[in-house]
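Below is one structure; the comments refer to it alone.
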Amino acid sequence: MNPSSFAALALSPPMLSNLDALGYREMTSIQAQSLPVILQLRDLIAQAKTGSGKTAAFGIGMLQKLNPTWFAIQGLVICPTRELADQVSNELRRLARFADNIKILTLCGGAPMRPQIASLEHGAHIVVGTPGRLRDHISRNTINLSTVQTLVLDEADRMVDMGFYEEIAGIVSACPERRQTLLFSATYPDDIRKASAEFLRDPVEVKVEAQH
Ligand code: ADP
Ligand code: MG
């Protein structure tokens, strides 16, 4: 079997057929390097550029772990901007098409609070949000992150550049200590090393130079 085929991984048949339907035939480099680690439930720090297919790398892992019959926030993805959060939510919804009952909620600033609070009361399996708005929900007690199993810090270097380190630390501490944490970053400056040491447990490091 082609080692870069998704079929080389221990994915569920519905997940594999959905990837096929999406036209995802081969894993990108970051997916081939990180998915085996993610599926072993290890923490991960991955250095990869934009457009390398990071969303499917963490999304497939998160969705394979998820229990659809447990209506609680099991996956949390923190993104630097509203635009990126929307992109991640859209990609996760495509990846989640193999199941018809996985609820993904996007929580970003600039949108009114009240409908977000109503959506949170209704519930979600996965939340994708920006640091400031997630912090606001935590401080108002309108979000319960104690059920998070997988935490993703997407484009972590951008979030640190935007001054969100403390917000991220606050969000991480609202999650349970026993969780899987995946950190994605295009660069690896000191702040990201610090974040890795502070938020990840014995992480595997992977780095992808080329786009694919
Ligand atoms: P990144 O977050 O690394 O910038 P994305 O996760 O947004 O990249 O993926 C970039 C594009 O590649 C998306 O349009 C996505 O649908 C597509 N893609 C991801 N993985 C694969 C794959 N294995 N095969 C084909 N297309 C893919
Ligand atoms: Mg991305």
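Structural remarks
- Anisotropy class of region 75-165 from Cα gyration tensor, a/c 1.5 cut: oblate
- For the peptides 142-153, 80-91, the ranking by packing is 142-153, 80-91, with the highest mean count of neighbouring Cβ atoms within 10 Å listed first.
- Those chymotrypsin sites (Phe, Trp or Tyr not before Pro) in region 129-212 that DSSP places in a loop and that have at most 12 other beta carbons within 10 Å: none
- Solvent-free Debye calculation, one equal scatterer per alpha-carbon of region 1-124: log10 I(q)/I(0) at 0.18 Å⁻¹ equals -1.04.
- Extension gain, residue 198 back to residue 81 (0.36 nm per residue minus Cα-Cα distance, nm): 39.9 nm
- Reach of residue 207 by Cα under 23 Å, taken over lysines that are not fewer than 8 positions away in the same chain: 49, 54, 194
- Span per principal axis, largest first, for the Cα atoms of region 34-102 (Å): 34, 29, 19
- Residues 137, 122, sorted so that the one with the fewest Cβ neighbours within 10 Å comes first: 122, 137
- For region 183-212, trypsin sites (Lys or Arg not before Pro) meeting the loop criterion (DSSP other than H, G, I, E, B) and having at most 16 other Cβ atoms within 10 Å: 201.
- Low-density loop cleavage sites - GluC sites (Glu not before Pro) in region 171-212, where at most 14 other Cβ are within 10 Å (DSSP): 177, 209
- Sites residue 177 and residue 22 - FRET efficiency at Förster radius 25 Å, r taken between beta-carbons, to 0.05: 0.15
- Computed about the Cα centre, the dipole magnitude for region 81-203 is approximately 460 debye when only Lys and Arg (+1) and Asp and Glu (-1) carry charge, each at its Cβ.
- Additional length obtainable on full extension of the chain from residue 97 to residue 209, 0.36 nm per residue less Cα span: 37.3 nm
- Coordinate range along principal axes, alpha carbons of the chain, Å, largest first: 51, 41, 30
- 5 angstrom amide H check on residue 106, placed H, neighbours 5+ away: 128
Laboratory data are not the source of any read-out in this text; all were calculated from the coordinates shown. Since this is a predicted model, take the numbers as computed values, not measurements. A quick note on method: Cβ atoms are made from the backbone with ideal geometry, for glycine too, and the neighbour counts reach across all protein chains shown.
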